[in-house]
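Reading through the structure tokens given below for one structure.
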């Protein structure tokens, strides 16, 4: 009897603990929801900042490579060719125009004296360039600052110097890069091999004068390379010509290198079977010369067993295109049209091919605001005239994107885009993204979140890449993922990029293991960790690209048309305004992009 009474007492005490725990959790949840509402706009601000940073990267590199004497503003001091506030340059990104204008000032280096003490009669040692980026919609201005090397090197009258700067795709310095400097136009010839310092710089002093004579190549193991180019008949106007050295002056040349990547291009037919011996031209977007334009990467390849595997590729936007004379045409691609290859990644691109017809129309449907491709849009193409024709199609393939988890846990299937399935109680969800839980001012060491199950609609789905934002984290923190998929919406076996449970996706843009192909349902698990209790990783969005069967995201092809300008196109999709495009001209292989607004 005494033993039974003790058991009852213990059972009652456990129930009381559970009730108290639920009450405390409810109180905490109410407080967290209040914080979510107060920070609702932070995610948009972070996204805009990322767009602006990417937008300005090429502009800053261009300035670093301008002749020193031309670095100034149109109406400022020093004078030059850069746009000022009264004459801004306009750039566009994601449908928003940005005004770009500069402020340039001289900077005195106190190391050689100061004008105030009369110890430096020439205080214009450097130029500071302030780049302002103004959002024309909100009026908000973001500022980026860089310093340009001095025009002259004091005390150097019979020779000149090279100031070499090396940075990566994010504008961060690259230390330990190999720098090869050669010049065959001087006697004796110059052959130098140097290495950048911790700031990504190297200064070579005492070089003899030479006009466009110094050929510079920058490289590093596992990285892409960058270089200057000689003036030739094939490239009469190099973007970065071989350097010129002038007595008493410093010549600055900047180079951008980063981790190399792998690009896998698949050539498939309409039944998803590999097509061999398909000729494909691959072009990058980076120029090494202008007027005429000379591309840094422009090569032809032929698929083997339906695959073109390109190793050691530089980060760039690549556009694959079919070579002519193969009786094939592109019925769609995944991802859409081109590849934004990120540094240090392995990414896949699929060309869905079919029989060539003399006239055809590929329709691409996107969200006007986000530029995301739209699935299941009904596309109606009709032709009037003496022989009216009607064609119908539905855009297929898509991406699964989630950038809001503020709806909280408890949702098994992905219907409410703000909710997720479960977390371990060690993460905190904010409008600005998912972070580790902070307790009395310190972050916990690790946490995990699993989303609701996403239904791709068919067991023929193949998965291509997983990407997330932000793409880089604080060095003390880690954000990594695993993916699980099945056809029963029950068995969840999380795996990494090699198809086992022991690895993780750690680089955005990595190809998803083919172990998940031919599965309908998919989830990921996000694992956050830190070694510094004052720092936390942040997850603001996750995107999984997939192709259902051989459909292509946001695209539908109409082959076998008759040439003419009397085609009308209607596109409808629930939640969006119907788009009507009259009087389309179809002549040969045509592509049209339709933007849908809610």
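The values are calculated or read from the model by the stated rules, or taken from the named source; none is laboratory data. Source: prediction; values computed, not measured. Methodologically, a virtual Cβ is constructed for each residue, glycine included, from the backbone with ideal geometry; neighbour enumeration extends over all protein chains shown.
Scanning region 293-314 for residues that are under 17 Å from residue 240 (Cβ atoms) and touching a residue at least 40 places away in the same chain (Cβ under 8 Å) returns 294, 314.
Anything in region 407-422 that is part of a loop (DSSP other than H, G, I, E, B), on the phi < 0 side of the Ramachandran plot and either more than 27 Å from the chain's Cα centre (by Cα) or surrounded by fewer than 19 Cβ atoms within 10 Å (Cβ to Cβ) (or both)? List them, or say none. 407, 409, 411, 412, 415, 416, 417, 418, 421 - these are the residues of region 407-422 that are part of a loop (DSSP other than H, G, I, E, B), on the phi < 0 side of the Ramachandran plot and either more than 27 Å from the chain's Cα centre (by Cα) or surrounded by fewer than 19 Cβ atoms within 10 Å (Cβ to Cβ) (or both). Considering (1) surrounded by fewer than 17 Cβ atoms within 10 Å (Cβ to Cβ); (2) touching a strand residue (DSSP E or B) at 6+ places or on another chain (Cβ under 6 Å), the lone condition that residue 221 does not fulfil carries the number (2). Filtering 537, 497, 508 for residues that are modelled with pLDDT of 95 or more, under 27 Å from residue 260 (Cβ atoms) and part of a loop (DSSP other than H, G, I, E, B) leaves a single hit, 537. Restricting region 273-292 to residues that are farther than 28 Å from residue 222 by Cα and in contact with a strand residue (DSSP E or B) (Cβ under 8 Å, 6 or more places away or on another chain) leaves a set whose member that is surrounded by the most Cβ atoms within 10 Å (Cβ to Cβ) is 278. Counted as qualifying within region 196-312 are the strands (runs of 3 or more DSSP E) with 1 or more residues that are closer than 18 Å to residue 168 by Cα, namely 201-207, 210-219, 250-256, 261-268, 287-289.
Flag set for residue 123, criterion: under 28 Å from residue 80 (Cα atoms) and at pLDDT below 90.
Filtering region 558-570 for residues that are within 29 Å of the chain's Cα centre (by Cα), surrounded by 13 or more Cβ atoms within 10 Å (Cβ to Cβ) and either in contact (Cβ under 8 Å) with a residue 40 or more places away in the chain or not assigned by TED's automatic domain parsing to the domain that holds residue 431 (or both) leaves an empty set. Among residues of region 581-598 that are on the phi > 0 side of the Ramachandran plot and at pLDDT below 95, those with a Cβ under 9 angstrom from a residue that is surrounded by 14 or more Cβ atoms within 10 Å (Cβ to Cβ) and not in a strand (DSSP E or B), sequence gap 6+ or separate chain, pair up as 588/359. Of the numbered criteria (1) under 23 Å from the mean Cα position of the chain (by Cα); (2) part of a loop (DSSP other than H, G, I, E, B), the one residue 325 fails is (1). May I ask you to verify whether residue 393 is surrounded by fewer than 19 Cβ atoms within 10 Å (Cβ to Cβ), part of a strand (DSSP E or B) and at pLDDT below 95? In short, yes. All of 498, 488, 493 fail the test of being surrounded by fewer than 19 Cβ atoms within 10 Å (Cβ to Cβ), out of contact with any strand residue (DSSP E or B) (no Cβ under 7 Å at 6 or more places or on another chain) and closer than 21 Å to residue 452 by Cβ, apart from 488. Applying the condition of being surrounded by 18 or more Cβ atoms within 10 Å (Cβ to Cβ) and under 21 Å from residue 272 (Cβ atoms) to region 307-322 and asking which residue is nearest to the chain's Cα centre (by Cα) yields 320. In the set 63, 96, 52, only one residue is touching a strand residue (DSSP E or B) at 6+ places or on another chain (Cβ under 9 Å) and either loosely packed, with under 15 Cβ neighbours inside 10 Å or at pLDDT below 75 (or both); that residue is 52. Return yes or no: is residue 425 closer than 22 Å to residue 540 by Cα, surrounded by fewer than 19 Cβ atoms within 10 Å (Cβ to Cβ) and in contact (Cβ under 8 Å) with a residue 12 or more places away in the chain? So residue 425 passes the test.
Yes/no matrix, rows are residues, columns are (1) within 24 Å of residue 347 (Cα to Cα); (2) outside any loop (DSSP other than H, G, I, E, B); (3) not assigned by TED's automatic domain parsing to the domain that holds residue 172:
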{"site": "429", "(1), (2), (3)": "no, yes, yes"}
{"site": "462", "(1), (2), (3)": "yes, yes, yes"}
{"site": "472", "(1), (2), (3)": "yes, no, yes"}
{"site": "482", "(1), (2), (3)": "yes, yes, yes"}
{"site": "485", "(1), (2), (3)": "yes, yes, yes"}
{"site": "492", "(1), (2), (3)": "no, no, yes"}
{"site": "503", "(1), (2), (3)": "yes, no, yes"}
{"site": "515", "(1), (2), (3)": "yes, yes, yes"}
{"site": "526", "(1), (2), (3)": "yes, yes, yes"}
